[in-house]
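Working notes for the structure below.
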Amino acid sequence: MGKYFEAFINAFIGTANWTWKSIIFEVPWYTNYFWGLVAISLVVWLLEILFPWRKEQSIFRRDFWLDGFYMFFNFFLFAIAISGFYKLLGLLFSDLGIKQSSMAILDMSQFPSWVQLLIFFLVLDFVQWFTHILLHRYKFLWKFHQIHHSVKEMGFAAHLRYHWMENVLYKPLKTFGVMILGGFEPEQAYIVHFFAIAIGHFNHANIKITWGPLKYILNNPVMHLYHHAHDLPDGKYGVNFGISLSLWDYIFKTNYIPEDSGTIELGFKGDEKIPKSFWKQLTYGLGKPKP
């Protein structure tokens, strides 16, 4: 038992120390996710200010500061809090004789670096696309995902506004995606992670971008706005589930873009019941719903 407790504490302290070192610039710039997130956020926000799609929307839109706090909470604070539990899970699997290599269906080490990165990106994005569908498909998961869909005015920071329970679901499934690729991330995986942050910010930004012919591959603000539409096509529990790539939606026929004015109502039926404060949203979806 002592081994598990020590592993838990070391993981917690290690993640906290890494975050602090990132803040004080003691981490290499290409793996410094703290200042990388700040820089990407400022660039996309500046583009929102200079080239707004919905010109009547305020620079400090509704819930701007709440969403801004969510960015740092989900990306760093919750990551620190949960790090010990993931370390324990990995240690438990190891003690049970379950190795990452035992689930591998592809040995990426035999490929050039750029191929490793491409495969890594495609597999992780597909896993997240599928997970996103599950969040909409099943009521007990949708309850948590409602926090993200309670956004009423879209902006870059809405990208990382989501219930902490989504991390609990996404992380193991993303880890599974890594395991089937031989159990390791490519050396330049930071490129994929920074790209995912940037495209996610753009998808939620108040900017009208479709990427031209690349719209069939890359997700974009016009497509993703309809993912947040209050009124969905009859019989649909969601559309445009893409995270970084729109490719999966076009392949599996979950794409839907009827027009591109950007003036549609966002949210979902009953979204007025979602708590407005962060602390109340933190516990939303846990326990039995009130009658």
**Q.** Candidate lysines for bridging to residue 3, where Cα separation is under 29 Å - those fewer than 8 sequence places away on the same chain excluded
**A.** 21, 87, 99, 171, 174
Q. Given H placed on each backbone N at 1.01 Å, which residues far from residue 245 in sequence or on other chains put an amide H within less than 5 Å of it?
A. 219
Q. Label 7 Å along Cα→Cβ of residue 113; the range 160-196 residues with amide nitrogen under 16 Å?
A. 185-194
Q) What helices does the chain hold that run 18 Å or longer along their axis, going by alpha-carbon atoms, with a Kyte-Doolittle average of -0.5 or more, using DSSP H for the helix calls? A) 2-23, 33-50, 78-95, 113-137, 164-179, 189-204
Q. Once both labels are modelled 7 Å past Cα along the beta-carbon direction, what's the residue 169-residue 46 spacing in nm?
A. 3.6 nm
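What order do you get for 54-60, 135-141 when each peptide is scored by the mean count of other beta carbon atoms within 10 Å, highest first?
135-141, 54-60
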Q: Apply 1/(1 + (r/R0)^6) to the Cβ-Cβ distance of residue 193 and residue 273, taking R0 = 22 Å, and write down the FRET efficiency to the nearest 0.05.
A: 0.05
Q) What's the extension gain from residue 130 to residue 26 if we count 0.36 nm per residue and subtract their Cα-Cα distance? A) 33.8 nm
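How much FRET efficiency would the formula 1/(1 + (r/R0)^6) give for residue 214 and residue 137, where r is the Cβ-Cβ distance and R0 is 22 Å, rounded to 0.05?
Details: r = 28 Å, r/R0 = 1.28.
For residue 214 and residue 137, the calculated efficiency is 0.20.
Under a Cβ-Cβ cut-off of 13 Å, what is the net charge of the residues other than residue 13 that fall near it, where Lys and Arg count +1 and Asp and Glu count -1? Write out the running numbers ahead of the final one.
Working: positive: 21, 87; negative: 6.
Counting the neighbours of residue 13, the net charge comes to +1.
Bear in mind these aren't lab numbers, they're just calculated from the coordinates by the rules spelled out. Bear in mind the structure is a predicted one, so any value in this text is a computation, not a measurement. Reconstructed Cβ throughout: ideal geometry from the backbone, glycine too, with neighbour counts over all protein chains shown.
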